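To keep things clear, I will list the structure first and then write my remarks on it.
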Amino acid sequence: MESRRYVQSQRELERAQRVVPGGVQSSRRPWIEGASPVFIHRGNGCRVWDVDGNVYVDYTLGLGPIILGYADPAVTAAVNQQLTRGTLFTLNSVLQTQLAEELVRLVPCAETVLFFKTGSDATTAAVRIARTCTGRELVLRCGYHGWHDWCFLGNGVPAAVRAATLPFAYNDLRALEQLFEERPGQVAAVILMPGGEAMHAGDLVLRPAPGFLEGVRGLCDRNGAVLVFDEIRSGFRMALGGSQERFGVTPDLTTLSKALANGFPLSAVVGRREVMEAAERTLLSSTFNGDALGLAAGLATLGEIQRRAVVAHLWLVGESLLEGLSTAIAAAGVPAEAVGYPPMPMLVFRYPDPDQNREATRVFYTEVLAHGIMVQPGHHWFVSAAHTPEDITHTLTVMGDALEEVARAVGTGAAGGRASG
Ligand SMILES: Cc1ncc(COP(=O)(O)O)c(C=O)c1O
């Protein structure tokens, strides 16, 4: 079904398909064929404007990095100042030390810090540091950690590379223990998102079962493996020091990116000095790792997150979004749940039939996008410092109407409610 709202987006997509495979960058495919925007013109605060001139309150935020809001004045000023001084040098910038000092102050496991550009760079570097540190090869992983060879199971990756990384299910401590037992002295690292996985699988967001994170920590300690928390999504959102601060379990290494520089490319591996020292015995070099714009943006972003008490704001507006959504779900009588941690909320449909779930998702997202709320189907949402209580109220009105439309189009079931996940 073609919508007249997205005519220019469709034109741009057809044009792009002639010169770009699929016409899109990475995973940024049309969410709903013909009924969702594809190309964005600009963003400001928590709003984005598409190339057709439609404006949205945005809960996708560049897949997470925009924690302060688009074009945040403080970050823009810091980056502009750095632009006039040059952006990339052969030798080191003092900004690197300043930002490293800040991360050491904020993140519980951080004693030393290395900077990279993307999240995949950081997880790959953490795994290489762990392998160098332990002299072992095997990595046990849980969830999405990027697109690089060591953690991708799909096309284009040699079987031998895949065999060096084994998956385990979040919260299944026994399964992890068994992997260790079957391969004594072989595991270099365990890597996981501490707050839970399944965040963008259209499933409930899992939370650590009592004792799970402590159990993983204990298994790594007993087996001499490096524990890596992937906080690329949760860093600076769950708490200033990430999920490790909130849950009180400290890993050996942590990967950070997304919210670290409010949309400028920057990532980091932070961790215990003794483990991080292995970085000196391998190669982790890339031309743009020292990029001064990213470092300047990172310093400004961390400064603003603290000055404006952003983490508390994210929890507050996220909580009111989740609560309001639960009320709207009950009012519409559709089988759905509002789930997730408040800084990363999500709606999940719970119709018994997968086709009904697909149709409910199509109707809901088509409706909210058509009324100026940008959320992405099949992925949790994000809130930012720029989302106001008024934005949340407006969002809930639109989402309430969309849920009524779902009830009309797909039917009602036993009413859902708020699940703690
Ligand atoms: C938890 C986690 N780890 C790693 C990555 C990879 O980061 P990037 O896409 O910047 O390479 C992502 C990206 O979404 C992520 O969510």
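The values are calculated or read from the model by the stated rules, or taken from the named source; none is laboratory data. Owing to the predicted nature of the structure, the values given are computational and were not obtained by experimental measurement. Positions of Cβ are generated from backbone atoms using ideal geometry, with glycine treated the same way; all protein chains shown enter the neighbour counts.
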Could you go through region 204-226 and let me know if any residue there is modelled with pLDDT of 95 or more, out of contact with any Lys or Arg (no Cβ under 8 Å at 6 or more places or on another chain), within 14 Å of the ligand (Cβ to nearest atom) and in the same structural domain as Val107 (by TED's automatic domain parsing).
no
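With the structure loaded, tell me whether Asp149 is free of Cβ contacts under 8 Å to residues at least 12 places away in the same chain and among the acidic types (Asp, Glu) or whether it fails that test. Spell out the reasoning first.
Values: free of Cβ contacts under 8 Å to residues at least 12 places away in the same chain: no; among the acidic types (Asp, Glu): yes.
Judged against the criteria, Asp149 is not a match.
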Out of (1) part of a helix (DSSP H, G or I); (2) away from the ligand (no atom under 16 Å from the Cβ), the odd one out for Asn289 is which?
(2)
Just to be sure, is Glu101 without any contact (Cβ under 8 Å) to a residue 12 or more places away in the chain and not aromatic (Phe, Trp, Tyr)?
yes
Out of all the residues in region 298-340, which are at pLDDT 95 or above and either on the phi > 0 side of the Ramachandran plot or of a type in the set (Asp, Glu) (or both)?
Glu304, Ala309, Glu319, Glu323, Gly333
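A quick yes/no check of all residues on (1) part of a loop (DSSP other than H, G, I, E, B); (2) assigned by TED's automatic domain parsing to the domain that holds Ala386:
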| residue | (1), (2) |
| --- | --- |
| Thr250 | yes, no |
| Glu274 | no, no |
| Glu277 | no, no |
| Leu283 | yes, no |
| Leu299 | no, no |
| Trp315 | no, yes |
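Please verify whether region 25-40 includes one or more residues that are touching a Pro at 6+ places or on another chain (Cβ under 9 Å), within 16 Å of the ligand (Cβ to nearest atom) and in the same structural domain as Phe382 (by TED's automatic domain parsing).
First pass over region 25-40, keeping only residues touching a Pro at 6+ places or on another chain (Cβ under 9 Å): 30-32, 36-38.
From what is left, the residues that are within 16 Å of the ligand (Cβ to nearest atom) are none.
Within region 25-40, not a single residue is touching a Pro at 6+ places or on another chain (Cβ under 9 Å), within 16 Å of the ligand (Cβ to nearest atom) and in the same structural domain as Phe382 (by TED's automatic domain parsing).
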Qualifying residues in region 73-128 (those that are of a type in the set (Ser, Thr, Tyr), within 16 Å of the ligand (Cβ to nearest atom) and part of a helix (DSSP H, G or I)) - the one surrounded by the most Cβ atoms within 10 Å (Cβ to Cβ):
Thr123
Condition check: more than 21 Å from Gly64 (Cβ to Cβ) and surrounded by fewer than 21 Cβ atoms within 10 Å (Cβ to Cβ). Does Ser326 satisfy that?
yes
Among the residues of region 253-271, which ones are under 18 Å from Val228 (Cβ atoms) and either surrounded by fewer than 19 Cβ atoms within 10 Å (Cβ to Cβ) or small (Gly, Ala, Ser) (or both)?
Ser257, Ser267, Ala268, Gly271
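Please verify whether Pro352 is over 23 Å from Pro208 (Cβ atoms), in a loop (DSSP other than H, G, I, E, B) and touching a Pro at 6+ places or on another chain (Cβ under 9 Å), treating the condition exactly as stated.
Here the answer is yes, as Pro352 does meet what is asked.
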Residue list for region 365-421, filter: among the β-branched types (Val, Ile, Thr), in a loop (DSSP other than H, G, I, E, B) and either modelled with pLDDT of 95 or more or surrounded by 15 or more Cβ atoms within 10 Å (Cβ to Cβ) (or both)
Val375, Val383, Thr388
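Is one or more of the residues making up region 31-53 in a strand (DSSP E or B), over 30 Å from Ala309 (Cβ atoms) and at pLDDT 95 or above?
Residues of region 31-53 in a strand (DSSP E or B): 40-45, 47-50.
If we keep only those that are over 30 Å from Ala309 (Cβ atoms) too, we end up with 41, 50.
Then drop every residue that is not at pLDDT 95 or above, which leaves 41, 50.
Yes, that holds for at least one residue.
Given the structure, is Gly248 surrounded by fewer than 24 Cβ atoms within 10 Å (Cβ to Cβ) and among the small types (Gly, Ala, Ser)?
Details: surrounded by fewer than 24 Cβ atoms within 10 Å (Cβ to Cβ): yes; among the small types (Gly, Ala, Ser): yes.
The answer is yes for Gly248.
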